[in-house]
Structure formats: C-alpha cells, structure tokens
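The block underneath contains the structure these notes are about, expressed in structure tokens.
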Amino acid sequence: MTYDELVTKIRSYCEVDSTVFTSTVVNGFIENAEFRIMTDVDLDVFRRKDYSTLSVGNEFLTLPNGILLIRWLEIYNNSTGARETLMQKDVSFIDEYTANRTTQGTPKFYSYWNETKLLLGPTPNAALNVECAYVKRPNTTDGTKLTSTNTTTYISLNAPNTLLYACLVEACTFLKDKDLLNTYEGRYQQSLTGLGIEQQGRRRRDEYVDGEIRQKLRSVPPSP
C-alpha cells in the first residue's frame, strides 16, 4: 500500500473529503499510527546500531538521534576484539559504586542521564569503542516514515491492514465517532496479533531448534 492509497482509504472509510481531512491532518494520523505500531510490537525494521568511541575522563556518552530505547550497550577493543556488555543501572547505583565520578576505569554500568546522553560508571580510562543497539523512531532518513515523498515503508507493504486500522482509529478519534472508533480499534488489535506472531514469534525462532509455532484450535467432538 502506497501513501496515496492509504490517504484515499482513510478518507473513503470515514466518508470525509480533503477539505476536512487535509494533507496535514492525515499526515498526523499516519505519524501517530506508525508510532503506536512500533510501541505495540517490537519490529525488526526499527532496530539500529550506532558505533562511537568513549572519551577518556568523560563519564557521559551521547545517544544517537531519534533513539527510543537501548537494547544493549557493548564496549570493545579493536586490537584484541574483546567485548564486554555493560549493565543498565540507576544513576544512584553508579554514584554509589564509583563513589566519585573522577574515578576512572573500564566502564561496567550505564544509566540514562537524560534524553540525549548516558552516564557511565566508572568514568572511562581508555578510548574504547562502543556498539549501541537501539530502537529508532520512524523517520524519513531511514525511510521508515510514510510520507508523500517516501511513498512506501516496510509497514505499509508488509502490514497494510494494521497501518490502515491504526490510522482509522486516529481519524475516528478526530471525528469523535465512538462507534466506529470501537470497531476499528477491534480490527487494529486483531491485525496486531498476527503482526506480533510474525515479528516476535516466527521471525525470531529457529524451527529446527524451537519447532513450529502451534496454535490450539477448537475441536468439535464427533456426533454420538
């Protein structure tokens, strides 16, 4: 499903033309829907990795732009290839562990300091390399945000029903149509279940090791 097809369907399903559902309004529906889907289901398409280098004597590490959450954080040495995964802790834990932020060593812990940087503990004593695996919000740079210029995305092509129903929930909220809102919310949840099984189940299983996903089916007993 393309951007134009989605816009046409939103207006058609709600029986509202472009004078009410302007491009700006519809783009807001799509943006909200994409963000809702990515927070409801852990989609591989939003997973990213960022590589940087620690600064000696600097206890903070700047986060990549557009980050939603960190999946893991590793430090490694290019020469030896040795890697160490840092554990996430609270700022108070790191402060108690290090006692003093001027104390330097190989970082073992990290904590969110604010929306743009992490606190490391201990403060780095070497310019080690960092690999940050994270989830990134839908955006135009990566082509994960559907727009009039980026006319298709992974979601629009592989989960068009989920995207459509999520947009219709936004549209009905805008129109204050409670009956249709409940209808499309139900359809969204139904399509989301299938997407979740695909993304968080089948895509991350090895059938040889884990076996196939099986769903219990209702069995009708034979007639006497």
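What the table below lists for this structure:
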| read-out | value |
| --- | --- |
| Simple spin-label estimate for ASN139 and LEU157 in nanometres, 7 Å along Cα-Cβ | 2.1 |
| Sulfur and carbon atoms: percent of accessible area, the chain [1.4 Å] | 47 |
| Nearest-ten-degree value, helix 3-14 long axis tilted from longest Cα axis of the chain | 50 |
| Added length on full extension, which subtracts the Cα-Cα distance from 0.36 nm per residue, THR173 to THR24 | 52.1 nm |
| Calculated on alpha-carbon atoms, Rg and Dmax of the chain in Å | 23.1, 81 |
| Solvent-accessible surface ranking, highest first, for ARG187, ARG47 at 1.4 angstrom | ARG187, ARG47 |
| Relative contact order for region 66-155, counting Cα pairs under 8 Å that sit 6 or more residues apart, in percent | 32 |
| Cleavage-rule hits (GluC sites (Glu not before Pro)) in region 1-81: DSSP loop, at most 10 neighbouring Cβ within 10 angstrom | GLU15 |
| Surface accessible to a 1.4 Å probe, per residue, for the residues of the chain, Å² | 59 |
| Kirkwood-based shape ratio for region 22-111, expressed as Rg/Rh from alpha carbons | 1.11 |
| Orientation-averaged projected area, Cα convex hull of region 1-71 (nm²) | 7.1 |
| Percentage, to the nearest whole number, of Cα pairs in region 39-165 over 24 Å apart | 39 |
| Crossing angle, helix 178-196 versus the chain [Cα axis fit, 0-90 degrees, rounded to tens] | 50 |
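The values are calculated or read from the model by the stated rules, or taken from the named source; none is laboratory data. Because the structure is a prediction, the values reported are computed rather than measured. Ideal geometry is used to build each Cβ from the backbone, glycine not excepted, and the neighbour counts take in all protein chains shown. Calculation scope for accessible area: heavy atoms of the full protein, side chains included, ligands and nucleic acids excluded. Shrake-Rupley method; radii C 1.70, N 1.55, O 1.52, S 1.80 Å.
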